[in-house]
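Worksheet for the structure shown next.
The values are calculated or read from the model by the stated rules, or taken from the named source; none is laboratory data. For clarity, every value in this text was computed on a predicted model and none was experimentally measured. Here Cβ is always computed from backbone atoms with ideal geometry, including for glycine, and neighbour counts include all displayed protein chains. The accessibility values were calculated without ligands, DNA or RNA, using every heavy atom of the protein model including side chains. Shrake-Rupley method; radii C 1.70, N 1.55, O 1.52, S 1.80 Å.
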Amino acid sequence: AAALSKAAGVSFNRAQFTPDVMASDITGFNIYNRSKEEFEFRSGLVMCNILLADEINRASPKTQSALLEAMEEGQVTVDGKTYAIPAPFMVIATQNPSGYIGTYPLPEAQLDRFIMRLSMGYPTEAEEMAILADRKTENPLSKISSVTNADSIQNLRSIVSGVTVSGEISRYIVQLVSATRNTKSITLGASPRASLALMKLSQAYAFIKGRDYVLAEDVSALFTPAVSHRIMLSQEARLNQTGAAEVLAEVARTVEVPFKSQR
């Protein structure tokens, strides 16, 4: 996250979530200025372009909920007054796969606001050797310089939003997400926010691939990372140790894929 912010030339904040972190630490708060005899707003950690919410599930539900408005609307409201967050804005959150003592599971409404979930896993032997080599003498972050800025990123976002999504592709996205609501292995299917996220991700993926139109392959490649954290598996699936990726792969096989020639 820190490397991304430096390369993008945008501001970055890191919040280490613990049970004693308060919602006001994230959103900001008003403090009385005696010399001016008025309240002043002190911005919280959320006032940046990239926010790293480290071990987000260690904070209380009240503190976690402080991010809901920021992630959905790009703003925070403190004492009835709304403050805009700098654009572009993105939250990157981490959770450890083990050590759940003293943690608070993220509610479905908050998980639904993350556009995708990825598992880092362990590096390969070659990658771990490269990690050691990079850190023998200095931190690789010190070598990173910005290659763009916030204005350029905003311009790129406007271009990506213009990437063509045909009616057939839109129908394919909706059918994939709708299928999660009619599967025995899933007790809570994905919301319409999942369809919107999958469409936007597919547009960005197509743009990276050098196209101004979305293909069905783009949607298929992003279906699992975009939807896996938005569903709740049934008791039977959990007892059988069936993962979300396996269930979604089966869901995808039940939905007819548009012809490759259709754009």
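For Gly28, work out the one condition from (1) small (Gly, Ala, Ser); (2) more than 25 Å from Met120 (Cα to Cα); (3) within 17 Å of the chain's Cα centre (by Cα) it doesn't fulfil.
Failing condition for Gly28: (3).
Give the residues of the stretch 135-151 that are open to solvent by 80 Å² or more (accessible area, probe 1.4 Å) and not in a loop (DSSP other than H, G, I, E, B), sorted by residue number.
Across the stretch 135-151, the qualifying residues are Lys143, Asp151.
Please note which strands (runs of 3 or more DSSP E) are completely contained in the stretch 1-57 and include at least 3 residues that are surrounded by 15 or more Cβ atoms within 10 Å (Cβ to Cβ). Explain how you work it out, then say what you get.
Numbers: elements: 12-16, 28-33, 38-43, 50-54.
Ranges flagged: 12-16, 50-54.
Out of Ser195, Ser170, Ser185, Ser202, report the one residue that is in contact (Cβ under 8 Å) with a residue 40 or more places away in the chain and of a type in the set (S, T, N, Q). So that I can check it myself, show each step before the final result.
Values: Ser195 fails: in contact (Cβ under 8 Å) with a residue 40 or more places away in the chain; Ser170 fails: in contact (Cβ under 8 Å) with a residue 40 or more places away in the chain; Ser202 fails: in contact (Cβ under 8 Å) with a residue 40 or more places away in the chain.
Exactly one of Ser195, Ser170, Ser185, Ser202 is in contact (Cβ under 8 Å) with a residue 40 or more places away in the chain and of a type in the set (S, T, N, Q), namely Ser185.
Say we look at the stretch 1-58 and pick out the residues that are in contact with a Pro (Cβ under 9 Å, 6 or more places away or on another chain) and among the aliphatic types (A, V, I, L, M); which of these is nearest to Thr82 (Cα to Cα)? Before the answer, list the steps.
Of the stretch 1-58, the ones in contact with a Pro (Cβ under 9 Å, 6 or more places away or on another chain) are 3, 8, 10-11, 47-50, 57-58.
Now narrow it down to the ones that are among the aliphatic types (A, V, I, L, M): 3, 8, 10, 47, 50.
Values: Ala3: 30, Ala8: 27, Val10: 22, Met47: 12, Ile50: 20 Å.
Among them, the one singled out is Met47.
Spot the failing condition for Arg113; the list is (1) outside any loop (DSSP other than H, G, I, E, B); (2) in contact with an Asp or Glu (Cβ under 9 Å, 6 or more places away or on another chain), and only one is missed.
It is condition (1) that Arg113 fails.
For the stretch 157-173, check the following and say yes or no: at least one residue is hydrophobic (A, V, I, L, M, F, W, C), loosely packed, with under 15 Cβ neighbours inside 10 Å and in contact with a Phe, Trp or Tyr (Cβ under 9 Å, 6 or more places away or on another chain).
Initial filter on the stretch 157-173 (hydrophobic (A, V, I, L, M, F, W, C)): 159-160, 163, 165, 169, 173.
From what is left, the residues that are loosely packed, with under 15 Cβ neighbours inside 10 Å are 159.
If we keep only those that are in contact with a Phe, Trp or Tyr (Cβ under 9 Å, 6 or more places away or on another chain) as well, we get 159.
Yes, some residue in the stretch 157-173 is hydrophobic (A, V, I, L, M, F, W, C), loosely packed, with under 15 Cβ neighbours inside 10 Å and in contact with a Phe, Trp or Tyr (Cβ under 9 Å, 6 or more places away or on another chain).
Could you list, in sequence order, all residues of the stretch 43-74 that are under 12 Å from Phe17 (Cα atoms) and in contact with an Asp or Glu (Cβ under 8 Å, 6 or more places away or on another chain)?
Residues satisfying the conditions are Leu45, Thr63.
Can you tell me which residues in the stretch 174-205 are farther than 15 Å from Thr254 by Cβ and either part of a loop (DSSP other than H, G, I, E, B) or open to solvent by less than 40 Å² (accessible area, probe 1.4 Å) (or both)? It would help to see each step written out before you state the result.
Of the residues in the stretch 174-205, the ones farther than 15 Å from Thr254 by Cβ are 187-188, 191-205.
Across the stretch 174-205, the qualifying residues are Ser191, Ala194, Ser195, Ala197, Leu198, Leu201, Ser202, Gln203, Ala204.
Can you find a residue in the stretch 75-82 that is over 13 Å from the mean Cα position of the chain (by Cα), surrounded by 15 or more Cβ atoms within 10 Å (Cβ to Cβ) and not in a helix (DSSP H, G or I)?
At the first step, the residues of the stretch 75-82 found to be over 13 Å from the mean Cα position of the chain (by Cα) are 75-82.
Of the ones still in play, those that are also surrounded by 15 or more Cβ atoms within 10 Å (Cβ to Cβ) are 76, 78.
From the residues that got through so far, the ones that are not in a helix (DSSP H, G or I) too are 76, 78.
Scanning the stretch 75-82, I find at least one residue that is over 13 Å from the mean Cα position of the chain (by Cα), surrounded by 15 or more Cβ atoms within 10 Å (Cβ to Cβ) and not in a helix (DSSP H, G or I), so the answer is yes.
Which members of the stretch 91-134 meet the condition of being of a type in the set (Ser, Thr, Tyr), closer than 28 Å to Ser202 by Cα and either open to solvent by less than 70 Å² (accessible area, probe 1.4 Å) or under 10 Å from the mean Cα position of the chain (by Cα) (or both)?
Once the filter is applied, which keeps residues that are of a type in the set (Ser, Thr, Tyr), closer than 28 Å to Ser202 by Cα and either open to solvent by less than 70 Å² (accessible area, probe 1.4 Å) or under 10 Å from the mean Cα position of the chain (by Cα) (or both), the stretch 91-134 yields only Thr94.
Which condition does Ser220 not pass, out of (1) among the polar types (S, T, N, Q); (2) open to solvent by less than 50 Å² (accessible area, probe 1.4 Å); (3) closer than 30 Å to Leu156 by Cβ, if it passes all the others?
Every listed condition holds for Ser220 apart from (2).
Name the pairs: first residue in the stretch 137-160 and closer than 19 Å to Asp212 by Cβ, second residue among the small types (Gly, Ala, Ser), Cβ to Cβ under 7 Å, at least 6 apart or on different chains?
Taking only residues 6 or more apart or on different chains, the pairs are Ile153/Ala8; Gln154/Ala87; Val160/Ala204.
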